[in-house]
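Here the structure is laid out as structure tokens; the discussion comes afterwards.
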Amino acid sequence: MVDIVFIQTVILSLLVGALLGLEREYTKKQSIVGLRTFSLISLFGALLVQLGNLLNVSYLFTVIGFVFVSLFSHFLYVKVVLKQKIKGFTPNFALIIAYIHGV
């Protein structure tokens, strides 16, 4: 049986990520990441915490997820700088914040 708190956590993390992504798409500040990426990053954080709680190693999974999202964010930054010659780290920090909200 699926726990109602788990479902609420998943839905809430998706909504928070979607709001962040929608804001980034609406303002047209970023063309690489948007609604889906922010939603998935936030969901990733929530699922890692739930899985870690299930296995009693929640801090380990949270840190591994944070490192993964940080590396992903850094990769996107390098890709944008090399492709468009635009320097700005705001969307990359927003990805990390979306992960933290998911957690």
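The values are calculated or read from the model by the stated rules, or taken from the named source; none is laboratory data. The model shown is predicted, which means the values in this text are computed figures rather than measured ones. Cβ: placed from backbone, ideal geometry, glycine included. Neighbour counts: every protein chain shown. Quick note on the areas: whole protein, heavy atoms, side chains included, nothing else; ligands and nucleic acids left out. Shrake-Rupley method; radii C 1.70, N 1.55, O 1.52, S 1.80 Å.
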Selection from 91, 102, 70 lying farthest towards where the dipole of the chain points positive, charges on Cβ: 91
Rounded to a whole number, what % of the accessible area of region 1-100 do carbon and sulfur atoms account for, probe 1.4 Å? 73 percent
Between helix 90-102 and the chain: long-axis angle, C-alpha atoms, 0 to 90°, nearest 10: 10 degrees
What three numbers, in Å, describe the spread of the alpha carbons of the chain along their principal axes, ordered from the longest? 49, 27, 15
By the mean-Cβ-within-10 Å protection proxy, highest first, 54-64, 12-22, 72-82, 35-45 rank as 35-45, 12-22, 72-82, 54-64
Heavy-atom surface of the chain, accessible at 1.4 Å and reported per residue (Å²): 68 Å²
With labels modelled as points extended 7 Å from the Cα through the Cβ direction, what inter-label distance (nm, one decimal) is found for residue 74 paired with residue 54? 3.0 nm
Asserting the computed 222 nm helical MRE of the chain (DSSP H runs at least 4 long, -39500 (n - 2.57) per run, divided by residue count, to nearest 500) equals -28500 deg cm²/dmol
